[in-house]
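Contents: one structure, followed by commentary.
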Amino acid sequence: DSGGTLSLATVLCLLVALVALQATFNRFKSVYMARLLYDFVNRVRMNLFESIGRARWGVFTRIRSSDLDHALNGDVDRVQVAAFSLLMLTQATLLLTGYLVVSLFISPVMTSFAILIGLVLLVALQPFRARASAYGRTLTGNRQDQYRTVSEFLGGIKVAKSLNVEASYFAELGATLDRMKADNIAFVRNSSLGTALFQMASVIGLSLFIYIALVRFHLSLAEIVVLLLVFMRVAPRFMDMQLQTQQVLINLPAYASMQALQARFDAEREPTQSMAARGARLSLETGLNIREVSFAYGEGDARPVVSDITFDLPAGKVTALIGPSGSGKSTIADMLLGLLEPTSGRILADGVEITAQNRRAWRDQVAYVPQDVFLLHDTIAANLRLAAPEARDEELWAALRNAHAA
Ligand SMILES: Nc1ncnc2c1ncn2[C@@H]1O[C@H](COP(=O)(O)OP(=O)(O)OP(=O)(O)O)[C@@H](O)[C@H]1O
Ligand SMILES: [Mg+2]
């Protein structure tokens with residue numbers, strides 16, 4: 001009859017509306033979660049980047065650059081995975097709560113029973129979560145080794161080829177990769193055992209559930225069918241929570257490791273250049289005086305590489321510092337540049353000591369041609385403007401002519 005047709009049409013329309021609503025919500029949720037995730041990860045990466053950039057040069061002499069590369073790229077990528085898993089975990093928890101609320105209305109007793117089974121399983125799976133944590137820490141060490149080998153290989157490839165020792169790098173990387181594979185397979189073997197146990201336990205739980213519902217609580221068939229449907233939605237959510245928690249645990253050590261690195265750099269932050277210091281240019285009319293300067297790379301009572309030296313550098317003259325390799329010439333140059341601070345002793349420009357307060361201002365005035373020339377992968381103009389962003393084209397040409405490079 002027409003009434004039946006109408007109600008069918010209404011139900012179908014409702015169905016379409018419901019699916020449309022769900023699709024809209026899912027889309028909104030995805031965009032929201034992506035934004036949340038990237039806000040967080042970008043902030044984490046940027047904070048580390050800035051902490052590294054703001055630290056005194058001395059810290060860099062004690063840390064492998066491949067470890068920094070690993071922290072900024074590898075670690076932060078894993079932090080992103082951990083954050084994503086955390087979001088998924090939250091979602092699984094919310095969904096689970098929703099299902100449980102629905103089933104609570106159908107049968108409070110049976111719902112409590114299902115929750116109990118779920119909680120027992122979550123507790124029983126704790127050893128698998130502990131293994132995930134341990135695996136995560138192993139992964140951090142292995143990936144650090146991988147970054148070290150790759151960066152040493154790329155940094156020294158010319159030497160490696162000239163000595164015909166490329167193969168030793170292949171062997172080293174191969175060993176690291178094999179170790180990572182073995183660690184991963186051991187972990188997957190273990191965690192898939194957890195999944196299998198969970199599946200077995202949940203099917204046993206389900207059987208108990210049906211049996212108790214029918215025999216003990218005399219639920220109607222209709223009620224049991226609905227409860228079963230709910231149970232079949234709930235059980236995978238429990239497993240989801242376990243797997244997402246494992247993902248968080250695997251990747252959390254990356255967060256700890258990059259935070260520890262960041263703390264090291266924050267502890268050695270260079271004082272920011274105050275406006276007053278910016279105005280206080282040091283002059284260089286008469287020259288530089290180096291007075292009883294010593295320097296040691298290591299912390300504490302490390303062996304000094306420069307000890308107690310005193311000499312003068314007259315302004316407007318060319319001075320050559322000569323000595324065997326490793327005698328400390330570059331170290332002295334770095335101190336004169338204001339990159340390294342003397343461990344003891346003083347450096348004076350026209351009688352004014354270079355200190356933590358004016359060291360940045362001093363660096364603004366000094367130019368440096370390093371032993372290993374670094375060029376941006378860009379135009380010559382872009383490279384020159386690194387030091388003088390405001391320079392006009394004519395000024396660039398003048399500088400090139402002065403350097404006999406035009
Ligand atoms: N980052 C560092 N950490 C620890 N020790 C370092 C570091 N850089 C240099 N050294 C050590 O300090 C000493 C002086 O090194 P420096 O680079 O100043 O010598 P150099 O005279 O410039 O040598 P070269 O002629 O080879 O350039 C060396 O014994 C070197 O091994
Ligand atoms: Mg040198």
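Descriptive notes on the structure:
- Full extension of the chain segment joining Phe25 with Thr93 gains 22.7 nm, where the gain is 0.36 nm per residue of separation less the Cα-Cα distance.
- Considering only Cα atoms, the convex hull volume of region 342-406 works out to 150 Å³ per residue.
- Relative to the Cα centre, the charge distribution of the chain, modelled as +1 at Lys and Arg Cβ and -1 at Asp and Glu Cβ, gives a dipole magnitude of about 880 debye.
- The chain: relative contact order in percent, alpha carbon pairs under 8 Å with at least 6 residues between: 21 percent
- Given in Å, the Rg to one decimal and the Dmax to the nearest whole number for the Cα atoms of region 2-267 are 25.8, 91.
- The chymotrypsin sites (Phe, Trp or Tyr not before Pro) of region 341-406 that meet both conditions, a loop assignment by DSSP and at most 15 other Cβ atoms within 10 Å of the site Cβ, are Tyr368, Phe374.
- Model label points for Ser327 and Ile115, set 7 angstrom from Cα along the Cα-to-Cβ axis, are 8.0 nm apart.
- D (Stokes-Einstein, µm²/s), Kirkwood Cα radius, region 280-374, 1.567 mPa s at 4 °C: 93 µm²/s
- Solvent-accessible surface of the chain, averaged per residue with a 1.4 angstrom probe and all protein chains in place: 63 square angstrom.
- Summed side-chain charge close to Ile185 - residues other than Ile185 whose Cβ falls under 15 Å, Lys, Arg +1, Asp, Glu -1: +2
- Principal-axis tilt of helix 221-267 within the chain, Cα atoms, nearest 10 degrees: 10 degrees
- Carbon plus sulfur fraction of accessible area for the chain, probe 1.4 Å, in percent: 64 percent
- Neighbours of Pro304, meaning other residues whose beta-carbon lies under 14 angstrom from its beta-carbon, give a summed charge of -4 when Lys and Arg score +1 and Asp and Glu score -1.
- What the Kirkwood sum gives for region 181-236 is a hydrodynamic radius of 13.1 Å, with every pair of different alpha carbons counted.
- The calculated FRET efficiency for Leu6 paired with Ile204, based on their beta-carbon distance and R0 = 41 Å, is about 0.30.
- Low-density loop positions, GluC sites (Glu not before Pro), region 331-406 - DSSP coil, at most 12 other Cβ in 10 Å: Glu390
- Ranked packing of 47-54, 316-323, most packed first, by mean Cβ within 10 Å: 47-54, 316-323
- Local net charge near Ala92, Cβ-Cβ under 12 Å (Lys/Arg +1, Asp/Glu -1): +1
The values are calculated or read from the model by the stated rules, or taken from the named source; none is laboratory data. Everything numeric in this text was worked out from a predicted model, so none of it was measured. Methodologically, a virtual Cβ is constructed for each residue, glycine included, from the backbone with ideal geometry; neighbour enumeration extends over all protein chains shown. Accessible surface areas use protein heavy atoms only, side chains included; no ligands, DNA or RNA. Shrake-Rupley method; radii C 1.70, N 1.55, O 1.52, S 1.80 Å.
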